[in-house]
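Structure first, then comments.
The values are calculated or read from the model by the stated rules, or taken from the named source; none is laboratory data. Every value quoted in this text rests on a predicted model; they were computed, and no experiment measured them. Note: ideal-geometry Cβ built from the backbone for every residue, glycine included; neighbour counts use all protein chains shown. To get the accessible areas, we keep the full protein, side chains included, count just its heavy atoms, and leave off ligands, DNA and RNA. Shrake-Rupley method; radii C 1.70, N 1.55, O 1.52, S 1.80 Å.
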There are 2 protein chains.
Amino acid sequence: MNLNPTPDFSAGLQCPIPISDYPNVLLAHGGGGRLTQMLIERMFLPSFANPALEMLHDGAVLEVNGTRLAFSTDSFVVSPLFFPGGDIGSLAVHGTVNDLAMCGARPLSLATGFILEEGLPMEDLWRVVRSMQQAARAVGVPIVTGDTKVVDRGKGDGVFINTTGIGIIPEGIFVSPRRARAGDLVLINGAIAGHGIAIMSVREGLEFETELASDSAPLHDLVARVLDVAGEQVHVLRDPTRGGLASSLNEIAAQAGVGIRLEEARIPIGDEVRGACEILGLDPLYVANEGKCLVIVAREAAEAALSALRAHPLGAEAAIIGEVVSEHPGQVFLRSRIGGLRVVDMLSGEQLPRIC
Amino acid sequence: MNLNPTPDFSAGLQCPIPISDYPNVLLAHGGGGRLTQMLIERMFLPSFANPALEMLHDGAVLEVNGTRLAFSTDSFVVSPLFFPGGDIGSLAVHGTVNDLAMCGARPLSLATGFILEEGLPMEDLWRVVRSMQQAARAVGVPIVTGDTKVVDRGKGDGVFINTTGIGIIPEGIFVSPRRARAGDLVLINGAIAGHGIAIMSVREGLEFETELASDSAPLHDLVARVLDVAGEQVHVLRDPTRGGLASSLNEIAAQAGVGIRLEEARIPIGDEVRGACEILGLDPLYVANEGKCLVIVAREAAEAALSALRAHPLGAEAAIIGEVVSEHPGQVFLRSRIGGLRVVDMLSGEQLPRIC
């Protein structure tokens with residue numbers, strides 16, 4: 001065993017991202033679209049290759065003495081720190097709780113790492129910590145360990161938070177993006193694009209008649225209700241955060257080798273959010289959500305899953321929005337309100353930087 | 001259950017850090033000394049209160065279906081990213097592996113979160129990823145899940161990395177800072193202050209006859225050997241990173257309610273590191289280590305533990321450096337080479353910012 005490995009860069013192993021095209025990291029490499037995917041598929045996956053990572057899940061699944069654990073990490077760099085409907089603290093709790101839930105797991109514990117910028121008002125840190133505390137308490141998941149670093153003024157941006165979570169996957173639950181199969185139906189628990197629009201309207205100083213609040217919310221309980229009624233017929237769970245509905249469904253289509261057809265008229269979206277998207281020139285299919293869950297379920301269990309979603313406070317507007325098909329594997333299509341069919345591609349650039 | 005909690009700041013709960021003294025976050029709040037301790041004890045612990053967090057360990061211990069898991073998180077913001085003996089990538093693996101080892105755990109899996117600054121050279125990212133890959137492979141612990149965010153130029157500093165780990169604590173092992181008791185002996189596996197001095201010599205442009213390399217190394221195997229021979233007689237394990245030997249031992253003395261007496265002449269330190277400390281005006285007791293382990297062990301098991309340390313490649317210079325005493329609970333003393341006894345206090349300011 002090499003106890004103190006010194007990296008060897010003489011081995012001729014080239015950087016797997018074409019340097020001529022991308023000499024430097026771009027904001028879009030973190031945007032959840034095509035460049036993020038390139039970084040993951042070409043650099044991270046081959047470097048850290050192992051069976052758990054290859055699942056390309058929202059988290060890894062580990063088996064420990066017969067118990068299946070979900071393990072998921074997320075760093076939060078949202079700007080501004082405080083926004084309608086939440087702040088970086090509550091978002092950091094909800095985001096990781098949701099990633100665990102998307103593995104079919106019941107969240108057990110969270111760890112949190114703060115990177116603070118020198119000069120951050122102490123009151124702002126306190127607001128963030130209080131918000132994390134309240135969010136964690138509402139979810140019923142303790143923050144059991146943490147770390148704090150401070151970087152020089154101008155080398156950070158107020159607060160960055162990493163939250164990593166462990167959850168327990170109940171027996172009989174097997175969700176994975178690879179389980180999507182032709183004939184499955186695609187459900188969502190409510191109206192899309194709320195989080196991204198809340199952030200953008202603050203950044204752009206837009207005002208609306210009613211405040212457009214982030215949909216940031218913990219989805220573990222909603223997911224538990226769906227799993228209660230549909231069990232292993234729930235094939236895929238995914239929270240469409242960065243890159244929105246379109247990017248999440250493209251990833252699933254690619255991983256499962258299936259096509260996905262959406263019905264535009266069935267996708268719930270609020271009128272004001274739709275209006276804000278038009279003003280901002282954004283396609284709501286690509287705008288981030290932080291309290292939405294895609295459920296891909298065997299057709300025969302879809303009604304039961306839909307009823308379970310609708311019975312939950314976070315699922316009142318739940319809908320069946322599309323289906324998994326065998327044609328055009330790896331692609332997502334949208335049937336528009338007027339009947340045309342168009343390809344819904346991965347996000348290529350950076351639509352909304354630092355949304356989470 | 002409150003599903004979408006909105007923080008309520010009208011409740012009159014004051015910021016627990018005195019704003020008149022500390023209106024803003026200072027670099028020293030991340031330095032591992034007194035201000036870090038104040039932030040943890042006054043803000044984080046009361047906010048996130050739960051039994052696991054109150055252990056004030058390098059990580060939390062969770063019981064899952066009869067298996068004890070260690071869970072630990074660390075964010076790495078070291079500057080510069082590359083330094084003699086390592087880089088932020090290898091450090092991020094070693095740091096979390098070591099925190100798990102200090103809980104008595106065998107590392108099982110790592111999660112990693114990157115925060116990249118727009119404009120980071122892609123080749124630098126690749127060097128860091130390759131180094132993490134090699135470090136993780138040498139340790140034999142897979143990186144199973146990850147996340148990547150990008151922040152605007154001038155809002156980060158190249159790369160920040162969070163690594164969070166899960167480990168399994170074998171039966172019969174119970175290490176905790178609270179288990180230090182009068183009569184125990186204090187061991188260390190080798191010469192101190194190597195990491196901090198390697199970083200500072202790069203920052204200050206100092207040159208020495210031989211390159212002063214960081215001691216960054218994974219300690220899980222060394223710890224396993226000590227636990228093999230001394231088992232539950234190993235009372236405390238601690239890696240003296242930020243704040244150095246002095247801060248770690250002060251924390252243990254406070255948590256266990258004991259005194260700790262060190263013998264200066266027995267503390268291993270390299271001549272060049274000692275010389276560099278003199279040039280830089282640093283007390284080596286406060287300088288960070290990244291490959292050192294303090295072992296506090298029942299007196300009757302100390303010789304066996306020392307032999308196990310010395311038999312390991314990372315413990316050739318291991319030594320018994322002091323003892324736990326009942327006098328002056330909460331304090332650390334140093335008997336100097338000339339026989340005087342002085343108090344070794346917590347670090348109060350920021351000695352070495354962004355050392356890890």
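What the table shows:
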{"quantity": "Cα gyration tensor of the range A:58-171 - equivalent ellipsoid semi-axes, whole Å, descending", "calculated": "28, 14, 11"}
{"quantity": "Sequence-separation-based contact order of the range B:47-154, relative, with Cα cut under 8 Å and 6+ spacing, percent", "calculated": "26 percent"}
{"quantity": "Average beta-carbon neighbours from other chains, 10 Å sphere, peptide A:13-23", "calculated": "3"}
{"quantity": "Computed over chain B, the ratio Rg/Rh where both radii use C-alpha atoms and Rh is Kirkwood", "calculated": "0.96"}
{"quantity": "Per-copy distances of the residue B:121 label point, shortest first, in nm (7 angstrom along Cα→Cβ)", "calculated": "4.0"}
{"quantity": "About the Cα centre, charge dipole magnitude for the range B:177-343 (Lys/Arg +1, Asp/Glu -1 at Cβ), debye", "calculated": "620 debye"}
{"quantity": "Solvent accessible area, Å² - residue B:354, 1.4 Å probe, full protein context", "calculated": "20 Å²"}
{"quantity": "Exposure rank, largest accessible area first [B:36, B:241; 1.4 Å]", "calculated": "B:241, B:36"}
{"quantity": "For chain A: accessible area per residue (Å², 1.4 Å)", "calculated": "35 Å²"}
{"quantity": "Taking the C-alpha atoms of the range B:250-320, convex hull volume expressed per residue in Å³", "calculated": "115 Å³"}
{"quantity": "Dipole magnitude of chain A about its Cα centre (Cβ charges: Lys, Arg +1; Asp, Glu -1), debye to nearest 20", "calculated": "480 debye"}
{"quantity": "Added length on full extension, which subtracts the Cα-Cα distance from 0.36 nm per residue, residue B:174 to residue B:22", "calculated": "50.9 nm"}
{"quantity": "Efficiency of FRET between residue B:316 and residue B:202 - r from beta-carbon atoms, R0 30 angstrom, step 0.05", "calculated": "0.70"}
{"quantity": "Three-way shape label, the range A:22-121, alpha-carbon gyration tensor, a/c 1.5", "calculated": "oblate"}
{"quantity": "Residues losing 20 Å² or more accessible surface upon assembly, the range A:33-51, compared with the chain by itself, 1.4 Å", "calculated": "A:39, A:43, A:44, A:47, A:48, A:50"}
{"quantity": "Semi-axis lengths (Å, descending) of the ellipsoid that matches the C-alpha gyration tensor of the protein assembly as shown", "calculated": "45, 25, 25"}
{"quantity": "Accessible heavy-atom area order of A:249, B:341, highest first, probe of 1.4 Å", "calculated": "B:341, A:249"}
{"quantity": "Dipole in debye (nearest 20) - the range A:58-171, about Cα centre, beta carbon charges: Lys, Arg +1; Asp, Glu -1", "calculated": "240 debye"}
{"quantity": "Cα→Cβ-extended label distance, 7 Å offset, between residue B:348 and residue B:307, nm", "calculated": "4.6 nm"}
{"quantity": "Listed residues A:331, A:222, A:306: farthest to the positive end of the dipole of the range A:214-353 (Cβ charges)", "calculated": "A:331"}
{"quantity": "Label-to-label distance, nm, for residues given as residue B:45 and residue B:232 (7 Å Cα→Cβ offset)", "calculated": "2.7 nm"}
{"quantity": "Net lengthening on full extension, residue A:211/residue A:123 (0.36 nm per residue, minus Cα-Cα)", "calculated": "29.2 nm"}
{"quantity": "Sites matching GluC sites (Glu not before Pro) across the range A:186-233 that sit in DSSP coil, with at most 16 neighbouring C-beta atoms within 10 Å", "calculated": "A:207, A:209, A:211"}
{"quantity": "Evaluated at q = 0.12, 0.14, 0.21, 0.23 Å⁻¹: base-10 log I(q)/I(0), Debye formula over Cα of the range A:280-341", "calculated": "-0.42, -0.57, -1.13, -1.20"}
{"quantity": "20 °C / 1.002 mPa s Stokes-Einstein diffusion coefficient of the range B:177-343, Kirkwood radius on C-alpha pairs, µm²/s", "calculated": "134 µm²/s"}
{"quantity": "Lysines whose Cα lies under 24 Å from that of residue A:149, excluding same-chain neighbours fewer than 8 positions away", "calculated": "B:149, B:155, B:292"}
{"quantity": "Normalised contact order of chain B, rounded percent, pairs of Cα under 8 Å and 6 or more residues apart", "calculated": "23 percent"}
{"quantity": "Accessible area in the full protein assembly, largest first, 1.4 Å probe, for A:21, B:58", "calculated": "A:21, B:58"}
{"quantity": "Sum of -39500 (n - 2.57) over DSSP H runs of 4+, divided by residues of chain A (222 nm, nearest 500)", "calculated": "-8000 deg cm²/dmol"}
{"quantity": "Net charge, residue B:263 excluded, C-beta distance under 13 Å - Lys, Arg +1, Asp, Glu -1", "calculated": "+3"}
{"quantity": "Percentage relative contact order, the range B:278-356, counting C-alpha pairs under 8 Å, at least six apart", "calculated": "25 percent"}
